[in-house]
Number of protein chains: 2
Amino acid sequence: MSLSFELLGSDGLARRGRIATAHGTVETPAFMPVGTAGTVKAMLPQSVAETGAEIVLGNTFHLMLRPGAERVAFRSPVDGTQHRLTPERSIEIQNLLDADITMSFDECTTWPVEEPAAASSMRLSMKWAERGKRAFAERPGYGLFGIVQGSIFPALREESVNSLTAIGFDGYAIGGLAVGEGQPLMFATLDRTAPMLPRDRPRYLMGVGRPADIVGAVARGIDMFDCVMPTRAGRTAQAFTRRGELNLRNARHRDDPRPIDERCACPACKSHSRAYLHHLIRAEEILASMLLTWHNLHYYQDLMRGLRGAIESNSLGHWIAAFQGEQDLGDIPPL
Amino acid sequence: MSLSFELLGSDGLARRGRIATAHGTVETPAFMPVGTAGTVKAMLPQSVAETGAEIVLGNTFHLMLRPGAERVAFRSPVDGTQHRLTPERSIEIQNLLDADITMSFDECTTWPVEEPAAASSMRLSMKWAERGKRAFAERPGYGLFGIVQGSIFPALREESVNSLTAIGFDGYAIGGLAVGEGQPLMFATLDRTAPMLPRDRPRYLMGVGRPADIVGAVARGIDMFDCVMPTRAGRTAQAFTRRGELNLRNARHRDDPRPIDERCACPACKSHSRAYLHHLIRAEEILASMLLTWHNLHYYQDLMRGLRGAIESNSLGHWIAAFQGEQDLGDIPPL
């Protein structure tokens, strides 16, 4: 295999692993910040690294359009969705982007969808996956992932897994979820799909999600995640915390001298009050987006650090109960 | 005096000094980045400090409106223009803002202006300056500056200086310039005004300016500057360099792998190419504003470091000739 994956431990279905890529090592379960256009929005690259992120996701389609693949050089992108590309051109572009992990070209099946349409869409993606595999140039430290489709239909997911494992990939992504089906259907699909995937290869749930989605998916054996949630929320005054989500634009923060989360080590929490962040948001200052994005990415990486530690110490069940209990508390009461 | 100013050396009319404030020391000649609404736009506070800035300017009027003076706490603001405030309320607000340097409440005389109107406007500011002086609470490390007005009329500037020195201030600002009169008239006004100011107090030229304006004003005995130029330009794709100004949106930078300035130590120049910055600008990424603002502030502080060093070594004349020669070269030619 071109991309090494070491399984370091497990707790129930949850896995603790390590991916070694050409550009560095990724401890799993891992969250990948989204860098659509070659930048994680409102963050300096070194700040992204300071949150603990070891890999970021780029978008083949966006980067192909602007600035163009031949023009870009940056570290560790993983590709998301693509459109209006041939499977071969998609692989070629990701090669030019020097992506450690190249994603198969696929169609993200729409939601809601009837089973026959989901089947046709999935089978198209499986043909494209095979073409992509032929086009992929194997290199040490670089890997190609297949993407399981089939919407919420167990038989289609099983067929898709069988198609992909017959081709053989360095890792397996689960696509077509978090498209509106809701957490119960998503978890039910993971319950059926994750155990069918090869144990010795990383598993990546695409586009997920909120903290509770990630926690539930890790418990179901998923190793990798990406989502625009923490970055996008950071540009709309929303903060993720141990005690749930909050909106700093809300007037109740206007005179609050406390940080978002006193246990958080990010620059927004170490140096600034809720009152100041509230002011920056009201004044439409760029610094509001910068600080809240940083906080949210830091929170997400804290979440992953917590999950990895819990799996290592075989205490994931207790950790999840504590996580859920704290989330249910909601934000600290006003002073 | 509440604010200490030490004159460390001079070269012709240019002065090398040090201001000691309640929050820290400021080496002069100094450039103060503008933090209108309690933030230097697109910069983390620690990043502002990393450029070498030792003091920033805030705006009493903006901060009074939002978030309100009673709500704000931040370091080392100096006040710019104010409107719809009484002289006493302006001083009170700046006291609440904990500004190291409080600026007198004044009217910035419009341009162009006839001498009689300039005289009335200046005399109004002088009355306000006297009221402000009575309202100011002297505290160690805090100072009150008077603002010389009088437009481009030497007799009015002289009258204004005499009024202010009779009242007695911790420092003297020159206001009402850089309002459209052009560099020759501004320098002519400085030539007449600066030598009349007390030698043992800092001199602050408000709202100036482009690099060549600052260099010329330092040579004429000015110690302090503020301007939105480097920050505003950073949000509109413009970069200041040793070889003049350039616009990174220009297509000629699209494939240029070189930094803005290979001798610049800022993060934009150390880690990124012109091509990447061009891409970020075209993609309307916040990171473009962040990196270019940082570069411009770093360049301005490099400029001040250069000026201070030249005065210390009594070589300002040679330094200015080299500065001008390099500016005249213009940007590096395309590859």
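Let me know the whole percent of all Cα-Cα pairs from region B:115-185 that are separated by more than 16 Å. When all Cα pairs of region B:115-185 are counted, 48 percent exceed 16 Å. The loop-placed GluC sites (Glu not before Pro) in region B:234-335, going by DSSP, that have at most 13 neighbouring Cβ atoms within 10 Å of their Cβ come out as B:E262, B:E284. Counting from the shortest, the label point at A:E114, 7 Å from Cα toward Cβ, is 8.5 nm from the same position in each remaining copy.
Taking the axis that rotates chain B onto chain A, the chain B residue nearest to it by Cβ, with the distance rounded to whole Å, is B:I286, 3. Across the identical copies, the 7 Å label point of B:G182, projected outward along Cα→Cβ, sits 7.3 nm from its counterparts, in ascending order. With a ≥ b ≥ c taken as the square roots of the eigenvalues of the C-alpha gyration tensor of region A:218-259, please select rounded if a/c is under 1.5 and otherwise prolate if a/b is larger than b/c or oblate if it is not? Prolate is the answer for region A:218-259, as a/c is 1.5 or above and a/b outweighs b/c. The value of relative contact order for chain B, using C-alpha pairs under 8 Å at least six residues apart, is 18 percent. Remark: for residue pairs B:K41/B:K133; A:K41/A:K270; A:K133/B:K270; A:K41/A:K133, the C-alpha separation exceeds 27 Å in B:K41/B:K133; A:K133/B:K270; A:K41/A:K133. In loop segments of region A:130-204 as defined by DSSP, the GluC sites (Glu not before Pro) with at most 14 further C-beta atoms inside 10 Å of their C-beta are A:E138. Residues whose amide H comes within less than 5 Å of that of B:I260, counting only those at least five positions distant or on another chain, are B:R274 (H built at 1.01 Å from N in the peptide plane). Across region B:233-329, the mean sequence separation of Cα contacts (distance under 8 Å, 6 or more residues apart), normalised by length, yields a relative contact order of 34 percent.
Each copy carries B:P140; placing its label point 7 Å along the C-beta direction from Cα gives inter-copy distances of 6.6 nm, listed from smallest up. By the Cβ distance rule (another cysteine Cβ under 4.7 Å), the unpaired cysteines of chain A are A:C108, A:C227, A:C266. Scanning chain B for long hydrophobic helices, with DSSP H runs required to stretch 18 angstrom or more by C-alpha along their axis and to average at least -0.5 on the Kyte-Doolittle scale, returns B:154-167, B:286-312, B:316-329.
Spacing of the modelled spin labels on A:I332 and B:R254, each 7 Å from Cα toward Cβ, amounts to 5.1 nm.
Here A:M196 and A:K127 are evaluated by their C-beta separation; at R0 = 22 Å the FRET efficiency comes out at 0.65.
Helix-only mean residue ellipticity at 222 nm, the protein assembly as shown, DSSP H runs n ≥ 4 weighted -39,500 (n - 2.57), per residue, nearest 500. What is it?
-12500 deg cm²/dmol
Apply the a/c threshold of 1.5 to the C-alpha gyration tensor of region A:4-227 and tell me whether it is rounded, prolate or oblate. Rounded shape, in that the Cα axes give a/c under 1.5. Calculated FRET efficiency, B:S271 to B:S120, Cβ-Cβ distance, R0 = 51 Å: about 0.40 to the nearest 0.05. For a modelled paramagnetic label at B:N247, 7 Å from Cα along Cα-to-Cβ, the residues of region B:262-284 in reach, with backbone nitrogen under 14 Å, are B:282. Eigenvalues of the alpha-carbon gyration tensor of the protein assembly as shown, scaled by 5 and square-rooted, set the equivalent ellipsoid semi-axes at 57, 28, 19 angstrom, largest first.
Every number in this text was worked out from the coordinates using simple rules, so none of it is lab data. The structure displayed is predicted, hence computed values, not measured ones. Cβ: placed from backbone, ideal geometry, glycine included. Neighbour counts: every protein chain shown.
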